[in-house]
Structures are given as C-alpha cells and as structure tokens.
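**Student:** First, the structure itself, so that you have it in front of you.
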Amino acid sequence: MTDAFFTCRKNVLLAKSPSTQIEGVFAATSRRSVPEEQEALLQQWLEEGVENLPASESVPAVRKVSVTLTSDWLEGSELLMTSLSDLNTSPEVTQCADQQLSELNTLASSELQDHAVAELARLPAEETVTVGGSAPWAAVGPQTDHQTAGCAGINVEVLNDDPAVLAWSLACNAETVSPVLPAPPIQDAVPFYPVPTEVPYHEILWRDWEDLSVQPCVLEQVSKNTPLFEFRVMSYNILAQDLVEQGLDLYVHCHPDILNWNYRLPNLLQEIQHWDPDVLCLQEVQENHYWEQLEPTFKEMGFACFYKRRTGMKTDGCAVCYKHSRFQLISLSPIEYFRPGLDVLNRDNVGLVLLLQPVLPEGLGLKAVSPLCVANTHVLFNPRRGDIKLAQVALLLAEIDKIARTTEGSYYPVILCGDLNSVPDSPLYKFIRNGELSYHGMPAWKVSGQEDFSQQLYSRKLLAPLWPSSLGVTDKCQYVSLCQPKKLGRREYSRDFLLQFRFCDVACERPPQLVLLEGVTDAKPVTSARDYSAVIAVLKRHNSLSLLGNQCSGVIQHSLNLTSVYSHFLPQRGRPEVTTMPMGLGATVDYIFYSAEPVESKAGRRLYKDGALKLLGRLSLLSEDVLLMANGLPNHFCSSDHLCLLASFGLEISSL
C-alpha cells in the first residue's frame, strides 16, 4: 500500500510540476516517511481531489508522464509498478488494492468528468495547433500505430487500468471522447505526426494537378486523330542523409525525428509510388541507400535503374529510373564534370544521359514513335562560381547533343531534369531556354542569380574563352569531333597557311607572363580589314571558325530548343513558385526542360510551341507563404528540402 500510494501521488504531482522538482521531494520522502505521514498525505489528496488541476492540464500530458515513469525517476522495484496487474501481484498491496481502486473510481465519476466532457465537447472537430511561436498546423487525427512526438504508443485499456492516472484518463476513453480529436502539444515539443496512409499526399501539401491537354496545339493534334504515347516524368532532389548530418544548422527548424532516414525513406517512397511516374530522375541519392534500399524497392515497382555517384570522396549522386514496361534502353552515357587541371571544371558534380525507346502497346499495327533522350544532373551549388556552373551545363548539353542527334542532323525529343542551383531568368536559365548567352565580363555570382554580391569590392568575372580548346567542346556546346568532317589522310599545315593566322585576335594579344623587352615583345602587329577578311576566308575553308569563336567571341550557344515545364509564377496567388526553401527563403532551382519548336523571339526571349513532344499536364508547385505555414522544408509530410516536379507528356505516334 505504501509503495502503491507513492506511485499514485507522484504521478499526480508530475502532471503539475517539472520533473526536477518532484525528483528531490520524493527521493527524500520515500526514505523517511512513516505510516502517520502517509495517511495524512493520502487524506489530503482525497480531500483536494483533482479539481485543482490547471485547466491547461489534459490527458495527453498524463500520457507522456506515464510512459516516462522509469527507473531513472524512481528507486526500488516496487515503485516501478504502474499498472493494476503489477500491483495485484505484490503481496504488500494486495489487500489494499481494491480500496484504492474504489476511491479512484469515485473521483473519476465526480465533477472532473463532467468538466472534462464539457470542455472537450466545445472543441472543434479540427483545430489549429500553434507550437512555440511557429506557424499554425492543421491538426491530424490519431494514427493507427498510436505514435506521437517521439513518445511510445499507449494502449487505452492499459492506461485506464492504472490506478495512478485513472482519475484523468477520460480523453482516452473511446466511449466518452471522439477518437478524431488530436492531442495538443506537450509543453514546447514540436508535434510529430506520421503521414496517414489513407490521406493522399498531394492533398496534405495542397498541390493540384494542372491539366494542360486543353491547349490549342494539343486539341489540334487530337482533332487529327493522331495517337500519343503518354508518360510521366518526375524530378526530385531527395536530400542525401549524409548532407543532412553535415549541415544540421540548415535544419534547426525541424524536429530531430523527421530528419531521421528511417522516417524520411517511407515518406519519399510513398510519394513516388503515389504519383507513379514512368521516368524518375533523382538527385542527392546516397550511394549506400541506393544499393541497399532504393534500387531493390524500385525494381519491385517495375523500374530499371542507373546510378552515377559524384566523383572524389562524395557519397551521393544522380539516378535515372524508367519502367521497363514502357521504355527500352538504347544508350547510356554517364558524365563527370571534373577535369584535372581545369579551374573551371574542378568540382565533383555528375550527370546521366539516356536514350530510351518507347514501347508501344500491342494492337496498334505498323506504328512507330521517336526515341526519347532523358538527361539528369545536379549542378554545383556555390553561388559565387557561376563560371563552373556554366561550364558544367555546357558539357551536359554537348553530351545531349551527341546522344540525341539523328543521322539527318536533327534531334530526338529531349527532357532535361535536375537541380541546376540557378533561379528563373538568371543568365544560366536564359542560356538553356534561349539557346545563347554573352558571358564575357559578367560577374560570376550573377550567372545563377542565387545571391547578390554586387557590393563586394572584388568579384570573379567570366572571361573568354571560358574553357580551353583542349576540352574538345565548341562555343556551340558540341564536341569538336562531331563538328569537323572526317577526311582521309593527314592534314599538312604549311608555313604559308599558319602565317595567315598572324593577325587574328588571339595572336595579337600579348601573353601576361611574357617578359617585356622594348622593341622586341612590346610591338603589336597592325592588321587591316583586308588581312582579317583573308583569315576568316581561310577558317571557313578549313571548318575552323567555330574554334576561333570559342576562343574570342565570349558567346556560347546550343541548338536543342528547350523550354520549361513550369511558368515559375502562381497567378492565382500572385506569388512566384518555389521548389526549395534554404534557411527559410523560397527559391526555384529545380527544373524540367523539354524540346519544343521556336516560333518567334521578343525582347531577347524565345517563344515556343509544342512539337512532336507535347506537355499534357503538370503537378502544381507552391509559394513561399504556403510552405512557411508548414514550417518550411523538410516537414512532417515532405521529407526533403525540395519539392518534387512532375509532368505528363505525349509523343506523337506515326505510321511506318
């Protein structure tokens, strides 16, 4: 009886006071208590009842107290008994257990019950919970696994059998309280609710599917009764766990539990499975997680998977997966952007370029559909090194040019996915979309537009040429070996031929490391318009003008005609779209570009219309204010610091 009383009394006080205060009181009381003092304390508690409990105290608080009553708080095996079944097994308290339970049942049926029921009846079915000054959350109903905010689940029947907390377990009683009422937060703890499997993921994140099949170009195609091969493409930066642990300062707004990989992985897989893409492009895929968990799971979902880890000591990389029932692999080309000895390509980022053949369903007869080129990459993050970003993208476009080029010189449809670490309307974005960029003299930080470093006294500037000719890539983002026609025999360069280049800009520029000698190295050749025209004529004859342009012009181009799936603006909200929220600031850095047909250019901006590859729909993005209401990214529902991008396409099916 003595030990049972102390267990009961301590549980009640734990709900009223911090644990540090109770520890010292009960440690001393348990050692010097006598039967008279125990009887007086019991009588005082029975007289007080529980009507003096603060209004803010509720059953969920007891729920946490009961599970934290461990050996760290109590001394002696008797004080660890917190259930009626344990008390009945103790010979010292057997004869008193019935009396103790009867007294507590009397308290439970008194005015406390009426007050609690009245208070709970006034609660709305769904309420907004505000925690520690953070943004409001829509309360989520109880989960089937009875898990909340890092606390173990509690069986309602076992809790009601506990005589120490029976007087205030009414909220756990299924006959009195509706089970859909959420548990308020305990103290300042961050609420932790797993995503209910019965609630669609897109409804929790308020993301809608935008049907674009009603566009005039698509309707015109339908009116011609031309069938389309429809498929979905997802691009997703899933946030490598190693990067989370290396940069915990970026996620101080997150509850530690939601950053755990064992919590994040099921959410990510659930989201991918829900949207059911046919082509999946992932960034920041940790290598051991890919081989041990992701690839086996994706194979069970019907995907064929390919992975490329970043070079050096990095542990993450890019992956491209496609459903083998919808596509067959024609060619695969992994890309490493690191080039030893080149400052402009000295980082470990990578990419993947695949050429896929769509698999037509049976019964279509003699039909054919064009192959599809899919590229995936993750460009360098550093906002100050736009020169590296631009060189990496140029190298990727050169690889796409090689893979997607047909024998006639045209291109197969291209879909480019990835985290480009550049914002919309930045020079890098405009280069991909408009096909041209004049970069000479541009500050390096300006290329991506992520941050403004214009106030700094010194900033790196892009100078032509951006990369040396030894890289083998022209200013048109094409490999030199593919641009120059192959001729039999060895080309011989005579002295007269080489002398024709003596007046070109490169030859007339004094090398900075050349020692200055008056009358020897300070003289500059004087050229005339006639001599320069002769040089250009020679270059045209020998198909070397592109190399000269790469060395001297400061302009790069590409011929892929790419446009973005997203408009990067939400007209209904009057706010820009965001795909990530670093340090609480929303930005768009993730993209899906696809091949289209240019129609005209206005103010340097190229306009497109759908060609053989048609955009049929897309998953809407969110604005910064909406994500702030969900405590930013990642949160309890979205387990990455990026949003996924999803688009539906249609490829024209033609007759043979």
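The values are calculated or read from the model by the stated rules, or taken from the named source; none is laboratory data. None of these values were measured; they are calculated from a predicted model. Cβ: placed from backbone, ideal geometry, glycine included. Neighbour counts: every protein chain shown. All accessible areas refer to the heavy atoms of the entire protein, side chains included, with ligands and DNA or RNA removed. Shrake-Rupley method; radii C 1.70, N 1.55, O 1.52, S 1.80 Å.
**Student:** Check the range 459-472 and report whether any residue there is aromatic (F, W, Y) and farther than 18 Å from V353 by Cβ.
**Tutor:** First, pick out the residues of the range 459-472 that are aromatic (F, W, Y): 467.
Among the residues that remain, those that are also farther than 18 Å from V353 by Cβ are: 467.
Yes - at least one qualifying residue is present in the range 459-472.
**Student:** Still on this structure: Within the range 422-442, take every residue that is in a loop (DSSP other than H, G, I, E, B) and open to solvent by 20 Å² or more (accessible area, probe 1.4 Å) and give me the one that is modelled with the lowest pLDDT.
**Tutor:** Here is the first cut: in the range 422-442, the ones in a loop (DSSP other than H, G, I, E, B) are 422-426, 435, 439-442.
From what's left, open to solvent by 20 Å² or more (accessible area, probe 1.4 Å): 423-425, 440-442.
Numbers: V423: 97, P424: 97, D425: 91, H440: 94, G441: 94, M442: 96.
Among them, the one singled out is D425.
**Student:** Report, by residue number, each residue of the range 224-275 that is farther than 24 Å from K614 by Cα and among the β-branched types (V, I, T).
**Tutor:** Those that are farther than 24 Å from K614 by Cα and among the β-branched types (V, I, T): I238, V244, V252, I258.
**Student:** Give me the pairs: first residue in the range 254-281 and farther than 14 Å from S235 by Cα and among the hydrophobic types (A, V, I, L, M, F, W, C), second residue open to solvent by less than 30 Å² (accessible area, probe 1.4 Å) and part of a strand (DSSP E or B), beta-carbon distance under 9 Å, and six or more apart or on different chains, which are they?
**Tutor:** From residues that are farther than 14 Å from S235 by Cα and among the hydrophobic types (A, V, I, L, M, F, W, C), the pairs are W261/Q286.
**Student:** Of the residues in the range 592-632, how many are outside any strand (DSSP E or B) and in contact with a helix residue (DSSP H, G or I) (Cβ under 6 Å, 6 or more places away or on another chain)?
**Tutor:** At the first step, the residues of the range 592-632 found to be outside any strand (DSSP E or B) are 596, 603-604, 610-612, 620-621, 623-632.
Now restrict to residues that are in contact with a helix residue (DSSP H, G or I) (Cβ under 6 Å, 6 or more places away or on another chain): 610, 632.
Of the residues in the range 592-632, 2 are outside any strand (DSSP E or B) and in contact with a helix residue (DSSP H, G or I) (Cβ under 6 Å, 6 or more places away or on another chain).
**Student:** Sticking with this one: Would you pick out the residues in the range 560-578 that are surrounded by fewer than 15 Cβ atoms within 10 Å (Cβ to Cβ) and either in contact (Cβ under 8 Å) with a residue 40 or more places away in the chain or among the β-branched types (V, I, T) (or both)?
**Tutor:** R573
**Student:** Take the residues in the range 431-462 that are without any contact (Cβ under 8 Å) to a residue 12 or more places away in the chain and under 30 Å from the mean Cα position of the chain (by Cα); name whichever of them is nearest to H558 (Cα to Cα).
**Tutor:** First, the residues of the range 431-462 that are without any contact (Cβ under 8 Å) to a residue 12 or more places away in the chain: 452, 454-458.
Then drop every residue that is not under 30 Å from the mean Cα position of the chain (by Cα), which leaves 452, 454.
On the way: D452: 27, S454: 29 Å.
Once the filter is applied, the top-ranked residue is D452.
**Student:** For the range 220-235, does any single residue satisfy the condition of being in contact (Cβ under 8 Å) with a residue 24 or more places away in the chain, part of a helix (DSSP H, G or I) and open to solvent by 10 Å² or more (accessible area, probe 1.4 Å)?
**Tutor:** Pass one, the range 220-235, residues in contact (Cβ under 8 Å) with a residue 24 or more places away in the chain: 221, 226-235.
From the residues that got through so far, the ones that are part of a helix (DSSP H, G or I) too are 221.
Next cut, open to solvent by 10 Å² or more (accessible area, probe 1.4 Å) only: 221.
The answer is yes, given that some residue of the range 220-235 is in contact (Cβ under 8 Å) with a residue 24 or more places away in the chain, part of a helix (DSSP H, G or I) and open to solvent by 10 Å² or more (accessible area, probe 1.4 Å).
**Student:** Confirm whether A596 is within 21 Å of E230 (Cβ to Cβ) and surrounded by 18 or more Cβ atoms within 10 Å (Cβ to Cβ). Give the derivation first.
**Tutor:** Numbers: within 21 Å of E230 (Cβ to Cβ): yes; surrounded by 18 or more Cβ atoms within 10 Å (Cβ to Cβ): yes.
For A596, the condition - within 21 Å of E230 (Cβ to Cβ) and surrounded by 18 or more Cβ atoms within 10 Å (Cβ to Cβ) - is met.
**Student:** Going through the range 233-256 one residue at a time, which ones are modelled with pLDDT of 95 or more and of a type in the set (D, E, K, R)?
**Tutor:** Across the range 233-256, the qualifying residues are D242, E245.
**Student:** Right, next: Tell me, which residue of the range 237-272 that is β-branched (V, I, T) and under 21 Å from V578 (Cα atoms) is farthest from the chain's Cα centre (by Cα)? Let's see the steps before the verdict.
**Tutor:** Of all residues in the range 237-272, those β-branched (V, I, T) come to 238, 244, 252, 258, 272.
Checking which are under 21 Å from V578 (Cα atoms) leaves us with 238, 244, 252, 272.
Details: I238: 4, V244: 12, V252: 17, I272: 12 Å.
By that ranking, first place goes to V252.
**Student:** Still on this structure, please answer the following. Only one residue in Q357, Q392 is buried (at least 24 other Cβ atoms within 10 Å of the Cβ) and touching a strand residue (DSSP E or B) at 6+ places or on another chain (Cβ under 8 Å), so which one is that?
**Tutor:** Details: Q357 fails: buried (at least 24 other Cβ atoms within 10 Å of the Cβ).
Among Q357, Q392, only Q392 is buried (at least 24 other Cβ atoms within 10 Å of the Cβ) and touching a strand residue (DSSP E or B) at 6+ places or on another chain (Cβ under 8 Å).
**Student:** Quick check: anything in the range 396-406 out of contact with any His (no Cβ under 7 Å at 6 or more places or on another chain), of a type in the set (S, T, Y), without any contact (Cβ under 8 Å) to a residue 60 or more places away in the chain and open to solvent by less than 40 Å² (accessible area, probe 1.4 Å)?
**Tutor:** Scanning the range 396-406, I find at least one residue that is out of contact with any His (no Cβ under 7 Å at 6 or more places or on another chain), of a type in the set (S, T, Y), without any contact (Cβ under 8 Å) to a residue 60 or more places away in the chain and open to solvent by less than 40 Å² (accessible area, probe 1.4 Å), so the answer is yes.
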